[in-house]
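The next block holds one structure in the form of structure tokens; read it before the comments.
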Amino acid sequence: MGDIEDFSDKVRELTESIQDLDSEYDTLDEEVRQLSVQLNELREKLEVARQKKQTAYFQKTNARTDLEVAERGLARAKMEAREKLQKEPDLTNPPLEKILSGVSQWPEWTKLRDYQKADLIFSWDRFLRPEVTGQWGIFNANDTSLGKTAETAMTIRGLRILFPKAPCLWLTKSALVKSSARQCKEWGLNIVPLLGASDTRVAMLNFMGETLQAAGLPETYITNYEALNTSLMKEFEQRDWMVIAVDEMHRLRGGANASGPTKMWLGLKKLLHGTESMRVVALPAGHSKYQWNDDAFEVKAEGRPFPIFMSGSLINNGSEEVWAYTHLFNPVQFPSRQHFKRTFMMAYSIGISIELIMRVISANFFRKTKKEIGLFMHDKLYQEHFVEMSPGSDLWNFQKQVMEDFMIKLDELGDDMVSIAGILAELHYARISLVAEDFNVSVPIKDQNGFIIKDNDGNIQKKKVLKHLNGPLVKLDYCAEHVFELVMSEKENVLIFSAQFNSPIAYLMERFKEMGLSCEAITGDKRLTTRDTADIEKDFQDNKINVLILNMGAGAEGLNLHKDKRWDGGSSNVIMLDRWYNPQRNLQAEDRAWRLDCLEPVTVHKYICDGTVDNIIDGICEDKIMEAEGITEHTALRASEWRNKLQDWLNKK
């Protein structure tokens with residue numbers, strides 16, 4: 001009985017406990033239900049709040065973006081308005097009105113085209129109002145044959161209306177001194193060529209200076225860049241030049257030399273800016289010593305020559321070369337090569353930002369191309385001549401071996417970076433072998449046991465030895481026969497360009513003389529060029545020379561060798577024995593015949609030995625033209641990438 005009572009009590013207690021727990025459970029369940037309702041309501045509110053927050057964020061971001069766009073638009077609009085104001089000449093400026101009134105009476109003024117007159121007004125305005133742009137000088141980058149020489153001559157003449165006795169200096173390359181002087185005189189600028197030894201030129205400068213001053217006439221001299229390396233430089237420093245004009249400005253790259261700036265480059269910097277220092281933080285007065293005030297001129301104690309830089313060949317120059325002549329133009333804006341690369345390079349060794357450079361110099365810069373000016377020009381036609389090498393010949397075997405060895409070397413280099421200069425250095429002998437039977441090659445030096453000798457740094461020691469290939473010189477022989485047909489059958493005079501080498505020029509001159517053709521050369525080598533370049537140019541114009549052979553380094557710039565109504569000769573056929581890896585150099589050569597006043601279409605004949613370095617040079621030129629229309633950096637690529645490119649070019653016909 002006792003056990004039953006115990007269990008009964010326990011059951012009763014547990015029953016009561018369960019009832020209590022049920023009641024508590026129901027209460028908590030109700031509380032959970034209520035809290036769940038509240039939680040769902042809060043979650044909905046939270047989601048709404050999140051959506052509102054996200055919407056507000058996007059609205060804020062969009063508003064900030066719109067603000068930045070508006071600010072950039074405002075800045076650009078201000079910049080464009082300022083640049084337009086800077087570029088627009090002030091035609092109401094009294095001294096400019098005086099110049100325009102004077103030049104309008106000249107017969108030479110009527111010969112100028114509209115774009116040339118606009119360039120001249122722009123140039124005179126830059127001289128008279130340097131404070132508008134904050135820069136001093138003019139950069140005339142008009143395309144070849146658009147009359148940079150005429151514009152510069154007329155710029156000087158126009159300024160002489162205000163400053164009749166101000167001396168001016170014109171610098172150009174040696175081959176162009178006489179021809180440029182002749183062109184200046186055609187445009188009414190009396191200019192004295194300084195030629196010969198440095199002592200002779202000093203004596204001529206002093207004699208002509210005294211003579212002209214006694215006659216009340218201004219001094220204007222033209223000489224070559226090399227004069228800056230001679231005793232003539234001291235004489236130049238003693239004169240207060242109003243204008244220093246520098247033709248073919250792209251040639252003055254001496255500031256970019258790895259060993260340091262050249263004396264000639266530093267000499268020009270001193271003439272233009274009064275200092276040779278490479279640490280220029282400010283320049284002397286950005287104006288001329290010759291000032292026009294109240295209808296009269298006066299000579300100030302401070303001032304600098306007005307630089308006129310002429311260059312139609314900016315394309316494909318490397319960044320250091322571009323810096324070298326932009327520094328001469330404005331040492332403050334282009335202070336160093338390192339600053340130039342940081343500021344104006346889009347990416348190292350890839351390209352220069354033309355837009356950034358133009359923002360700095362555009363108010364003192366103009367460039368027009370033949371297409372832009374809208375004047376009629378005859379077509380320039382290209383004709384490719386594929387010259388076949390004889391399989392098994394020395395030349396064929398040599399070319400094949402060079403290409404195979406170079407491909408193996410590129411395979412070994414793998415992902416190492418290789419520059420265009422490196423490619424061309426490796427293929428130098430392949431290039432010259434196409435146009436010469438005998439040439440020097442570098443070979444390793446070996447000791448008496450046949451082992452290659454190296455220096456302390458592990459570099460292989462080399463020496464030059466003469467390499468001889470038993471002909472035939474197929475490209476040169478083809479050229480001789482082709483030119484003979486053009487001259488004798490079609491009665492055409494011919495221009496022939498060699499990119500770099502003079503040996504094919506000597507060979508062809510002998511062949512043409514044997515054929516009875518009158519032939520001369522412009523090379524820079526006195527053994528081949530026995531007369532002055534200006535005299536050869538004149539005889540070619542006068543139809544006294546059938547064939548003119550030119551080295552691009554000496555004859556690709558400044559010469560007028562086209563057919564023109566002003567003379568009986570000239571040429572409309574240009575033969576490219578080989579090409580330079582800078583396409584602008586090739587275009588300059590072609591444009592000796594394809595000029596604004598040429599009388600008929602010009603045919604450019606390209607000789608190509610297929611499967612050789614000719615294909616590679618053409619490929620490099622095509623790449624450069626595609627990379628940029630303007631200024632580009634020589635690109636470095638991985639060796640493996642070069643190998644693929646070279647293989648494609650060699651297989652392309």
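For the Cα atoms of the chain, what angle does the longest principal axis make with the long axis of helix 263-273, in degrees from 0 to 90, nearest 10?
80 degrees
So, by mean Cβ neighbours within 10 angstrom, what's the order for 271-278, 611-618 with the highest one leading?
The most tightly packed comes first, giving 611-618, 271-278.
Could you tell me the convex hull volume per residue, in Å³, taken over the Cα atoms of the chain?
With only Cα atoms used, the chain gives 339 Å³ per residue.
If packing is taken as the average count of other Cβ atoms within 10 Å, what order do 133-141, 210-218, 88-96, 431-439 fall into, highest mean first?
So the peptides 133-141, 210-218, 88-96, 431-439, ranked by packing, come out 133-141, 431-439, 88-96, 210-218.
Under 10 °C and 1.306 mPa s, how fast does the range 88-366 diffuse according to Stokes-Einstein, given a Kirkwood radius computed over C-alpha pairs? Answer in µm²/s, whole number.
Approximately 82 µm²/s, per Stokes-Einstein.
Full-extension gain between GLU44 and GLU276, please, as 0.36 nm times their residue separation minus the C-alpha to C-alpha distance.
Full-extension gain reported as 75.9 nm.
As an exercise, use a Förster radius of 45 Å and the Cβ-Cβ distance of ASP648 and LYS462 to find the FRET efficiency, rounded to the nearest 0.05.
E(calc), rounded to 0.05, equals 0.90.
Would you mind calculating the gained length between VAL299 and LYS117 on full extension (0.36 nm times residue separation, minus the Cα-Cα distance), in nm to one decimal?
62.8 nm
List VAL441, VAL604 from most exposed to least, where exposure is judged by having the fewest other Cβ atoms within 10 Å.
VAL441, VAL604
Find which of ASN644, VAL332, TYR290 sits farthest along the positive direction of the dipole of the chain, computed with +1 on the beta-carbon of Lys and Arg, -1 on that of Asp and Glu, about the Cα centre.
Comparing the listed Cα positions along the dipole, TYR290 ranks first.
Note the full-extension length gain between ASP525 and ILE4 as 0.36 nm times their separation in residues minus their Cα-Cα distance, in nm to one decimal.
Fully extending the segment from ASP525 to ILE4 adds 173.8 nm.
Compute the FRET efficiency between SER518 and ARG72 as 1/(1 + (r/R0)^6), taking r as their Cβ-Cβ distance and R0 = 60 Å, and round to the nearest 0.05.
Rounded to the nearest 0.05, the efficiency is 0.40.
Run the quick spin-label model on GLU226 and ILE452: label points 7 Å from Cα toward the beta carbon, then report their separation in nm to one decimal.
For GLU226 paired with ILE452, the spin-label model returns 3.8 nm.
Using a 7 Å offset from Cα along Cα-Cβ at SER393, what residues in the range 478-515 end up with backbone N under 14 Å from the label point?
Only 478-481 fall inside the zone, counting backbone N under 14 Å.
Calculated FRET efficiency, GLU237 and GLU97, Cβ-Cβ r, R0 41 Å, to nearest 0.05?
The pair GLU237/GLU97 has a calculated efficiency of 0.75.
Any read-out appearing in this document is the output of simple, stated calculations on the displayed coordinates, not a laboratory observation. Computed from a predicted structure; not experimentally measured. A quick note on method: Cβ atoms are made from the backbone with ideal geometry, for glycine too, and the neighbour counts reach across all protein chains shown.
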